[in-house]
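Below is one structure; the comments refer to it alone.
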Amino acid sequence: MSFLQAIIIALLQGATELFPVSSLGHAVILPALFHWSYDPHDPAFLPFLVMLHLGTSVALLVFFWKDWLAIFKGASGSCGQRMQMESLHILWLLIVATIPAVVVGGLFEHFLRNLFGSASSAAIFLFLNGLLLLVVERLRSSVVCKNVNSVASMTSRDAVIIGLFQCLAFFPGLSRSGATICGGLLRGLHHDTAARFSFLMAQPVILAATVREAFKMRHLDLQPGQMRIALVAAVISGLTALFSTAFLMRYFRDHDRWALSPFAWYCMGVGGIATILFHFMH
């Protein structure tokens, strides 16, 4: 991987990990379209992948540090019983929402990634991701809005449904953030509440992926040049993710009626064009 390719992938990771447009789908499609020669499954690619995830995880922690501090401080009981119950409820919601992905991922992730991990499959799923966003945005008008203005007001049933939607992201091209936000919208949440819960869910998920990939590196003979590129990529990915999160939280709050529609048309356009190129131009 060249330095320029590393920078482009880092920018892509930082933006698309949180935008509802599938980071994995873009990471598979873009190199195939430009005929980049690196292999993302090569063990030498692991340090780069780990640092990208670490950068994104740190960015989320920086943006939501007040939320996490309030949750853990409240759960400790130092802010009174009401805050303790509310904080424990939020932690419970996050745990419940993560369980489906842990179970499905443990059983089927390797199978799904091998079966659908090609660029042509990712392009089709990226198109379907856009279709999912568009359909849910249209269906949302028929769902009774709960006027849930905070994560603490969500129910365990809401968390389970959102967690099940998260499992769609095991198909390369389907967005984790997009799927979880869709799950929240179908439960009657506003875009900003659904997005906040989705991004809070992302913290342990991305951190767990980072630890898992880092564990695989324990026997690798890492070269200084590899780590330098990986560190630069981590900083770029983290800064991009930080700005992306700030933009999206404001965007979802200010455009509650149609927030997912532009991303839907983008995914359908890119996915459709990439599908045509892969199937008819190669």
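No lab work stands behind these numbers, since they all come straight from the coordinates. Just so it is clear, the structure is predicted and the values come from calculations on it, not from any experiment. Glycine gets a Cβ as well: all are built from the backbone with ideal geometry, and neighbour counts include every protein chain shown.
Determine the relative contact order of region 147-199: mean sequence separation of Cα pairs under 8 Å and six or more apart, normalised by residue count, in whole percent. Show your work: numbers first, answer last.
Details: 59 pairs, mean separation 21.2, N = 53.
With pairs under 8 Å counted, the relative contact order is 40 percent.
Using a Förster distance of 45 Å, how high is the FRET efficiency between ILE99 and ASP221, based on the Cβ-Cβ distance and rounded to 0.05?
On the way: r = 37 Å, r/R0 = 0.82.
The calculated FRET efficiency here is 0.75.
In whole angstrom, note down how far apart the Cα centers of region 69-87 and region 1-15 are.
Distance between centres, Cα-based: 40 Å.
Cα gyration tensor of the chain, axes a ≥ b ≥ c as square roots of the eigenvalues: rounded (a/c below 1.5), prolate (a/b > b/c) or oblate?
On the way: a/c = 1.89, a/b = 1.28, b/c = 1.47.
Here the chain falls in the oblate category.
Please say if region 92-200 is rounded, prolate or oblate, where rounded means a/c under 1.5 for a ≥ b ≥ c the square roots of the C-alpha gyration tensor eigenvalues, and otherwise the choice is prolate for a/b larger than b/c and oblate otherwise?
On the way: a/c = 2.82, a/b = 1.45, b/c = 1.95.
Because a/c hits 1.5 or more and a/b fails to exceed b/c, region 92-200 counts as oblate.
Just to check I understand the Karplus step: with θ = phi - 60° and J = 6.51 cos²θ - 1.76 cosθ + 1.60, what whole-Hz values come out for region 255-267, glycine and proline as x?
Those phi angles translate into 10, 5, 7, 8, 4, 7, 4, x, 5, 4, 5, 4, 5 Hz.
Between ALA70 and ASP256, what is 0.36 nm times their sequence separation minus the Cα-Cα distance? Round to one decimal in nm. Mind showing how you got there, number by number?
Numbers: separation 186, 0.36 × 186 = 66.96 nm, distance 2.60 nm.
Taking ALA70 through ASP256 to full extension adds about 64.4 nm, to one decimal.
Excluding ASP254 itself, calculate the net charge of residues whose Cβ lies under 15 Å from the Cβ of ASP254, where each Lys or Arg counts +1 and each Asp or Glu counts -1.
Working: positive: ARG196, ARG250, ARG253, ARG257; negative: ASP192, ASP256.
Once all neighbours under 15 Å are counted, the net charge is +2.
With the crude spin-label approximation of a point 7 Å out along Cα→Cβ, what separation in nm comes out for ALA208 versus LEU107?
1.5
Quick check on packing: order 108-119, 233-244, 258-269 by the mean number of other C-beta atoms within 10 Å, highest mean leading. Mind dumping the intermediate values first?
Numbers: 108-119: 14.2, 233-244: 21.8, 258-269: 18.7.
Descending packing order for the listed peptides: 233-244, 258-269, 108-119.
Rounded, prolate or oblate for region 171-282? Axes are the square roots of the Cα gyration tensor eigenvalues, ordered a ≥ b ≥ c, and the cut-off for rounded is a/c under 1.5. Kindly include the intermediate steps, with their values, before the conclusion.
Values: a/c = 2.10, a/b = 1.36, b/c = 1.54.
Here region 171-282 falls in the oblate category.
Taking only Cα atoms, what is the 0 to 90° angle, nearest 10, from helix 176-186's long axis to the longest principal axis of the chain?
On a 0 to 90 degree scale, this one is about 30.
Any idea what angle helix 65-75 forms with the longest principal axis of the chain, computed on alpha-carbon atoms, 0 to 90 degrees, nearest 10?
Taking the Cα atoms of the chain, the angle to 65-75 is about 50 degrees.
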